[in-house]
Amino acid sequence: MSRPNPAPMDVLLQTLDLEKLEENLFRGRSPQVGWQRVFGGQVIGQALVAAQRTVSEGRYVHSLHAYFMRPGDPAVPIIYDVDRIRDGSSFATRRVVAIQHGKAIFSLSASFQFDEDGFDHQIAMPDVAPPETLMGEQDIKEKFLVNAPEAIRRYWERPRPIEIRPVSLKHYFSRDKLEPVQDVWVKAVGTVPDERHIQAAVLAYISDMTLLDTALYAHGTSVFDRDLQVASLDHAMWFHRPCRMDDWLLYTQDSPSAFGARGMTRGSLFDRSGVLIASVAQEGLIRKKASE
């Protein structure tokens, strides 16, 4: 008898569990799901795990800044080389370079801090419909995907470790030019261990989902448009407060600018109670392909 396929969340956790090759040197692999390139959130999450494994106990990531240099090859392992830049009394800094085929494909700088008391304020969470009132992924598949373009259908039909419930679906099935803002509920499909390093890595994985698409709202198109070349260029993330991954998170996003074949998007992640968990910023390539 054939073995059942592992749950998507189990695959993600295995993907984030890097193999240690030597001090400061780790190897990561990609799930074979038919993608032509490695998902950016996977590389961010794996690089963060590599950095985390070189910091002392009790230090947790509070920010990361990354650049995507080349598309990742899912068929080849990724080597993560960690540079222990500094270990201070409060903060530790790491730089990670991801390598494939002898070339750097990605770099990440991350800063870690011991927990401290201090001032505390945050922006308010937007007032949006709760996830239980929105159409779930199974409903979307049954009601909308029959006549959807092939690229959209493949995206929604693939089993994923994260469920997405957009507050509005208009963007996926319309060419209308919309305000470049979106609100998306996201939730881990399966159990994420109650361990802050792992939770931060999964949150980093989530942070790369749907962001770049927001920059296309104002232009009546999406990342599924085959006439566009779309790719993440850089990614920054600030981890404000610890967060459990056993409930829905609201990912609210806006794109303040698109210019010069680049689009910029900002994101805020809130837990259901309205606590701001993390902030994100990303710039991506948005280029019209040359007509043949």
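The values are calculated or read from the model by the stated rules, or taken from the named source; none is laboratory data. Because the structure is predicted, anything quoted here is derived from the model rather than measured. Neighbour counts run over all protein chains shown; Cβ positions are idealised from the backbone, glycine included. Heads up: the accessible areas ignore ligands, DNA and RNA and are worked out on the full protein's heavy atoms, side chains in. Shrake-Rupley method; radii C 1.70, N 1.55, O 1.52, S 1.80 Å.
Here region 215-232 is the region considered, the condition is being modelled with pLDDT of 85 or more and among the β-branched types (Val, Ile, Thr), and the residue that is nearest to Ser174 (Cα to Cα) is Thr221. Across region 38-75, the qualifying residues are those that are of a type in the set (A, V, I, L, M) and in a strand (DSSP E or B), and the one among them that is nearest to His235 (Cα to Cα) is Ala66. Inspection of region 40-61 finds no residue satisfying the criterion of being within 30 Å of Val230 (Cα to Cα) and of a type in the set (Phe, Trp, Tyr). Name the single residue that is surrounded by the most Cβ atoms within 10 Å (Cβ to Cβ) among those in region 8-42 being of a type in the set (Gly, Ala, Ser) and modelled with pLDDT of 90 or more. In this case the residue turns out to be Gly40.
Taken over region 87-117, the residue count meeting the criterion of being open to solvent by 70 Å² or more (accessible area, probe 1.4 Å) and in contact with a helix residue (DSSP H, G or I) (Cβ under 6 Å, 6 or more places away or on another chain) is 0.
When region 200-230 is filtered for residues that are closer than 18 Å to Gly260 by Cβ and either of a type in the set (A, V, I, L, M, F, W, C) or in contact with a Gly (Cβ under 7 Å, 6 or more places away or on another chain) (or both), the ones remaining, listed by number, are Leu212, Ala215, Leu216, Ala218, Leu228, Val230. Condition check: at pLDDT 95 or above, open to solvent by 50 Å² or more (accessible area, probe 1.4 Å), polar (S, T, N, Q) and under 29 Å from Ser268 (Cα atoms). Does Gln138 satisfy that? In short, no.
The residues listed here are Glu179, Glu195; of these, the one that is open to solvent by 40 Å² or more (accessible area, probe 1.4 Å) and free of Cβ contacts under 8 Å to residues at least 12 places away in the same chain is Glu195. For region 244-273, the tally of residues that are among the charged types (D, E, K, R) and exposed (fewer than 15 other Cβ atoms within 10 Å of the Cβ) stands at 4. The residues listed here are Met209, Met237; of these, the one that is in contact with a strand residue (DSSP E or B) (Cβ under 7 Å, 6 or more places away or on another chain), assigned to a loop (DSSP other than H, G, I, E, B) and at pLDDT 90 or above is Met209. Residues in region 225-243 that are over 17 Å from Gly41 (Cα atoms) and either buried (at least 19 other Cβ atoms within 10 Å of the Cβ) or in contact with a helix residue (DSSP H, G or I) (Cβ under 8 Å, 6 or more places away or on another chain) (or both): Arg226, Pro242, Cys243. Anything in region 57-79 that is modelled with pLDDT of 95 or more, among the small types (Gly, Ala, Ser) and open to solvent by 50 Å² or more (accessible area, probe 1.4 Å)? List them, or say none. The answer is none; no residue qualifies.
Inside region 274-292, can you point out the residues that are more than 20 Å from Phe68 (Cα to Cα), modelled with pLDDT of 95 or more and open to solvent by 30 Å² or more (accessible area, probe 1.4 Å)? Answer for region 274-292, where residues must be more than 20 Å from Phe68 (Cα to Cα), modelled with pLDDT of 95 or more and open to solvent by 30 Å² or more (accessible area, probe 1.4 Å): just Val275. Write out, first by first residue and then by second, each pair whose Cβ atoms fall under 8 Å of each other, whose residues are 6+ apart or on separate chains, and whose first residue, in region 108-133, is under 30 Å from Glu57 (Cα atoms) while the second is assigned to a loop (DSSP other than H, G, I, E, B) and open to solvent by 60 Å² or more (accessible area, probe 1.4 Å). Listed by first residue and then by second, the contacts come to Gln122/His240. Given the structure, is Ser222 open to solvent by less than 40 Å² (accessible area, probe 1.4 Å) and either part of a loop (DSSP other than H, G, I, E, B) or in contact (Cβ under 8 Å) with a residue 60 or more places away in the chain (or both)? Yes.
Based on this model, can you work out whether Ile152 counts as modelled with pLDDT of 70 or more, in contact with a helix residue (DSSP H, G or I) (Cβ under 7 Å, 6 or more places away or on another chain) and buried (at least 16 other Cβ atoms within 10 Å of the Cβ)? The answer is no for Ile152.
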